[in-house]
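Take a look at the structure below.
The values are calculated or read from the model by the stated rules, or taken from the named source; none is laboratory data. Source: prediction; values computed, not measured. We place every Cβ from the backbone using ideal geometry, glycine too, and count neighbours over all the protein chains shown. Side chains included, ligands, DNA and RNA excluded: accessible areas come from the protein's heavy atoms. Shrake-Rupley method; radii C 1.70, N 1.55, O 1.52, S 1.80 Å.
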Amino acid sequence: MTHATKAIYKWILADYIKVSNITTEDRGVLYTEKDLDNSLDKIETMNFHEEIEVNGIRFWSYNAGHVLGAAMFMIEIAGVKLLYTGDFSRQEDRHLMAAEVPNVRPDILIIESTYGTHVHEKREVREARFTQTVHDTISRGGRCLIPVFALGRAQELMLILDEYWEAHPELHDVPIYYASSLAKKCMAVFQTYVNAMNDKIRRQISVNNPFVFKHISNLKNIDQFQDIGPSVVMASPGMLQSGLSRELFETWCPDHRNSVIIAGYCVEGTLAKMIMSEPEEITSITGQRLPLKCSVTYISFSAHTDYEQTSEFIRLLKPGHIILVHGEHSEMQRLRTALKREYEDTMDVFAPANNEEIILNFRGEKMAKVVGRLASKKPKAGDVVSGVLVKRGFNYHIVSPEELQHYTDLSQGVVLQKQTVPFTAPFSLLHHCLLQLAGGVEQVEQSGKNCLKVFDSILVVQEKNKVVIQWEGSNMNDMYADAVLTLCLQIEANPQAIKQSSLRSITQGKDKSSFEDRVQKLLVEMFGEDSVSYQPKLKYITVTIDNEKAVINLKSYEVQCQNENLHQMITSAIKRLHIALTPVNVPTIAIT
């Protein structure tokens with residue numbers, strides 16, 4: 001709920017608990033103050049237009065213009081948007097803004113039908129009628145009773161009366177009371193949330209607080225009321241069911257000088273609704289028959305939409321389906337008929353009874369949002385976006401596998417594959433063949449066993465009369481593993497095909513000096529003549545790059561260098577040169 005609603009909620013529920021516990025003493029207490037406090041802890045407040053998502057259901061709110069803090073809610077489920085208006089008003093009054101028109105078209109509109117096809121008076125007309133009725137009552141020496149609810153219309157009427165009294169000095173001696181402790185508590189909320197009201201109130205607050213009334217005072221209880229002359233009293237409840245408003249009405253109704261102004265909506269069966277037909281008598285709470293001689297005037301200040309406001313609201317939103325709620329059956333049916341006549345077949349209009357189910361079918365488009373690193377670059381038409389499709393509630397997202405743990409509760413797994421192959425040939429022969437296959441082999445040790453790492457991803461482990469090939473499963477790694485496996489099987493099938501002489505040391509043989517010259521030429525081509533110093537008598541070559549020195553021993557071809565990158569570069573170059581120049585009779589290997 002909104003922040004203002006939560007502030008008002010506390011006082012309204014506290015008053016309800018107080019009243020209900022008095023009337024149900026013999027039947028036990030239904031709710032306590034502790035229950036109210038516990039409920040406050042469960043309330044989550046939100047601002048207008050703030051979007052919240054719960055289990056894939058998105059919702060946000062708009063100002064409803066009914067009372068302070070009232071909100072309409074737009075709910076989106078699986079792409080279908082539903083607007084629930086609750087009570088709302090499209091007419092700006094003395095302190096509240098008119099209800100907003102959402103900029104999002106809803107598929108379903110659930111809307112109130114309180115006034116059906118009735119049309120309200122213009123605000124200026126009804127305010128003039130209201131103040132004139134009050135003034136006429138005072139002029140004839142009568143008392144004016146205005147039954148009101150504690151929240152909403154009471155504050156509106158007080159703003160009107162205070163302004164009218166200020167403009168008419170002859171009325172300054174006539175007291176105006178609002179007899180509701182709840183209304184007084186709610187007034188503090190109105191004074192706090194001035195910024196949630198219309199522009200007129202926000203401008204006025206810079207000069208003075210419009211809710212600090214000059215001519216209106218609070219009547220704490222009936223014992224303080226001195227009924228000795230003309231006065232105006234706003235008292236709750238608004239439909240005269242009981243309480244102070246009922247007590248004052250029964251006291252004043254026999255006097256023709258007095259008046260009652262019904263300023264809001266009245267439900268059928270209430271006293272307020274009944275006296276609007278001006279019967280000759282009414283029945284008091286105690287069962288007495290009392291003459292009804294005071295005047296009864298109905299001037300609607302109700303903050304509910306009339307037909308014109310409702311129809312305009314629907315015209316602007318253009319929903320596909322309308323569901324009417326919050327109205328008497330007859331009014332709902334009249335409004336349904338009028339809307340169907342006005343909009344013909346452009347939208348469905350339902351007026352369900354309580355507990356009646358309505359089933360609507362939608363064929364929504366499914367849309368997936370690309371998030372994470374996949375969204376870092378805007379795709380062009382025809383581009384293929386590859387990732388994992390994740391469904392969360394009613395929403396779909398495409399993410400890269402590496403980012404699954406950031407956007408979901410999932411994590412990426414690794415499949416470690418292992419293949420054991422019989423192998424009785426020398427492990428050095430396999431090493432040599434792998435060099436020719438991959439161009440680079442790293443010798444590593446694992447659990448005390450000799451291992452070769454090839455293609456930076458395939459590990460070949462030497463064991464007794466066998467080798468074990470290990471790798472992380474992927475399309476590329478599986479292909480590399482197949483090539484290594486094929487090589488192992490071919491060597492095991494014909495080990496004599498590769499002569500041991502092919503693995504002889506580069507320091508042996510009549511081509512020793514020729515190889516030294518080739519190494520020197522290779523290093524010159526790699527680093528330039530200025531960086532390479534060849535000492536044939538001392539049997540070493542020195543390479544100097546950016547003050548980093550590498551010394552190659554031409555007897556053992558061992559490289560000594562502090563810089564790891566330079567050491568790896570030179571060692572790898574010499575090994576590749578050796579592989580290229582060493583004659584080896586290796587059978588042709590078919591890799592598929």
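Given the conditions (1) more than 19 Å from residue 283 (Cβ to Cβ); (2) outside any loop (DSSP other than H, G, I, E, B), and given that residue 246 satisfies all but one, which numbered condition is not satisfied?
Among (1) more than 19 Å from residue 283 (Cβ to Cβ); (2) outside any loop (DSSP other than H, G, I, E, B), the lone unmet condition for residue 246 is (1).
For the stretch 95-107, name all the residues that are within 18 Å of residue 60 (Cβ to Cβ) and crowded, with 21+ Cβ neighbours inside 10 Å. Give the derivation first.
Step one: of the stretch 95-107, the residues within 18 Å of residue 60 (Cβ to Cβ) are 97, 99-107.
Answer for the stretch 95-107, where residues must be within 18 Å of residue 60 (Cβ to Cβ) and crowded, with 21+ Cβ neighbours inside 10 Å: 99, 106.
Tell me, yes or no, whether the stretch 476-492 has at least one residue that is more than 23 Å from residue 453 (Cβ to Cβ) and modelled with pLDDT of 60 or more.
no
Go through the stretch 387-415 and count every residue that is part of a loop (DSSP other than H, G, I, E, B) and in contact with a helix residue (DSSP H, G or I) (Cβ under 7 Å, 6 or more places away or on another chain).
Applying the first criterion (part of a loop (DSSP other than H, G, I, E, B)) to the stretch 387-415 yields 387, 393-394, 400, 408-415.
With the extra rule that they be in contact with a helix residue (DSSP H, G or I) (Cβ under 7 Å, 6 or more places away or on another chain), the set shrinks to 387, 400, 410-412.
Adding up the residues that qualify gives 5.
Would you confirm whether any residue within the stretch 65-80 is within 18 Å of the chain's Cα centre (by Cα), in a loop (DSSP other than H, G, I, E, B) and surrounded by fewer than 17 Cβ atoms within 10 Å (Cβ to Cβ)?
Scanning the stretch 65-80 turns up at least one residue that is within 18 Å of the chain's Cα centre (by Cα), in a loop (DSSP other than H, G, I, E, B) and surrounded by fewer than 17 Cβ atoms within 10 Å (Cβ to Cβ).
In the stretch 290-327, which residue that is of a type in the set (A, V, I, L, M, F, W, C) and assigned to a helix (DSSP H, G or I) is farthest from residue 136 (Cα to Cα)? Give the derivation first.
First pass over the stretch 290-327, keeping only residues of a type in the set (A, V, I, L, M, F, W, C): 290, 292, 294, 296, 299, 301, 303, 313-314, 316-317, 322-325.
Then drop every residue that is not assigned to a helix (DSSP H, G or I), which leaves 313-314, 316-317.
On the way: 313: 38, 314: 40, 316: 42, 317: 44 Å.
Looking at the filtered set, the residue picked out is 317.
Taking the stretch 286-319 on its own, how many of its residues are more than 27 Å from residue 157 (Cβ to Cβ) and out of contact with any Lys or Arg (no Cβ under 9 Å at 6 or more places or on another chain)?
Counting residues in the stretch 286-319 that are more than 27 Å from residue 157 (Cβ to Cβ) and out of contact with any Lys or Arg (no Cβ under 9 Å at 6 or more places or on another chain) gives 9.
Would you be able to tell me the number of residues in the stretch 316-361 that are in contact (Cβ under 8 Å) with a residue 24 or more places away in the chain, open to solvent by 50 Å² or more (accessible area, probe 1.4 Å) and of a type in the set (Asp, Glu)?
The number of residues fulfilling the criteria is 3.
Please work out which residue is farthest from residue 164 (Cα to Cα), limiting yourself to the stretch 200-239 and to residues that are hydroxyl-bearing (Ser, Thr, Tyr) and open to solvent by less than 80 Å² (accessible area, probe 1.4 Å). Break it down stepwise before answering.
So the first thing to find is which residues in the stretch 200-239 are hydroxyl-bearing (Ser, Thr, Tyr), and the list is 206, 217, 231, 236.
Adding the requirement that they be open to solvent by less than 80 Å² (accessible area, probe 1.4 Å) leaves 217, 231, 236.
Numbers: 217: 15, 231: 14, 236: 22 Å.
Going through the qualifying residues, I end up with 236.
When the stretch 145-158 is examined, which residues are found to be assigned to a helix (DSSP H, G or I) and closer than 18 Å to residue 219 by Cβ?
Across the stretch 145-158, the qualifying residues are 153, 154, 155, 157, 158.
Would a scan of the stretch 253-261 turn up a residue that is open to solvent by 10 Å² or more (accessible area, probe 1.4 Å) and within 25 Å of residue 18 (Cβ to Cβ)? Even if it seems obvious, please write down each step before you answer.
Here is the first cut: in the stretch 253-261, the residues open to solvent by 10 Å² or more (accessible area, probe 1.4 Å) are 254-257.
Next, from what is left, pick out any that are within 25 Å of residue 18 (Cβ to Cβ): none.
Within the stretch 253-261, none of the residues are open to solvent by 10 Å² or more (accessible area, probe 1.4 Å) and within 25 Å of residue 18 (Cβ to Cβ).
Among the residues in the stretch 50-63, are any modelled with pLDDT of 95 or more, part of a loop (DSSP other than H, G, I, E, B), crowded, with 19+ Cβ neighbours inside 10 Å and not charged (D, E, K, R)?
No.
Scan the stretch 517-533 for residues that are assigned to a helix (DSSP H, G or I), under 16 Å from residue 550 (Cα atoms) and either open to solvent by less than 50 Å² (accessible area, probe 1.4 Å) or in contact (Cβ under 8 Å) with a residue 12 or more places away in the chain (or both) and jot them down.
519, 520, 522, 523, 524, 526, 527, 531
Identify, from the list 284, 302, the residue that is under 30 Å from residue 251 (Cβ atoms) and more than 36 Å from the chain's Cα centre (by Cα).
284
Look at the stretch 435-456 and say how many of its residues are at pLDDT below 85 and assigned to a strand (DSSP E or B).
Going through the stretch 435-456 one residue at a time, the tally reaches 0.
Residues of the stretch 145-168 being without any contact (Cβ under 8 Å) to a residue 24 or more places away in the chain and not charged (D, E, K, R), which ones?
Hit for the stretch 145-168 is 167, nothing else.
Count, please, the residues in the stretch 169-200 that happen to be more than 22 Å from residue 243 (Cβ to Cβ), part of a loop (DSSP other than H, G, I, E, B) and in contact (Cβ under 8 Å) with a residue 24 or more places away in the chain.
Number satisfying all stated conditions: 5.
When the stretch 345-376 is examined, which residues are found to be outside any loop (DSSP other than H, G, I, E, B) and closer than 16 Å to residue 390 by Cα?
Hits for the stretch 345-376 are 368, 369, 370, 372, 373, 374, 375.
Filter the stretch 238-260 for residues that are under 22 Å from residue 182 (Cα atoms), in contact with a Phe, Trp or Tyr (Cβ under 7 Å, 6 or more places away or on another chain) and not small (Gly, Ala, Ser) and give the result. Working first, answer last.
Step one: of the stretch 238-260, the residues under 22 Å from residue 182 (Cα atoms) are 238-249, 260.
Now narrow it down to the ones that are in contact with a Phe, Trp or Tyr (Cβ under 7 Å, 6 or more places away or on another chain): 238, 240, 260.
Within the stretch 238-260, 240, 260 qualify.
Exactly one of these conditions fails for residue 44: (1) of a type outside the set (Ser, Thr, Tyr); (2) within 28 Å of residue 301 (Cβ to Cβ); (3) part of a loop (DSSP other than H, G, I, E, B). Give me its number.
(2)
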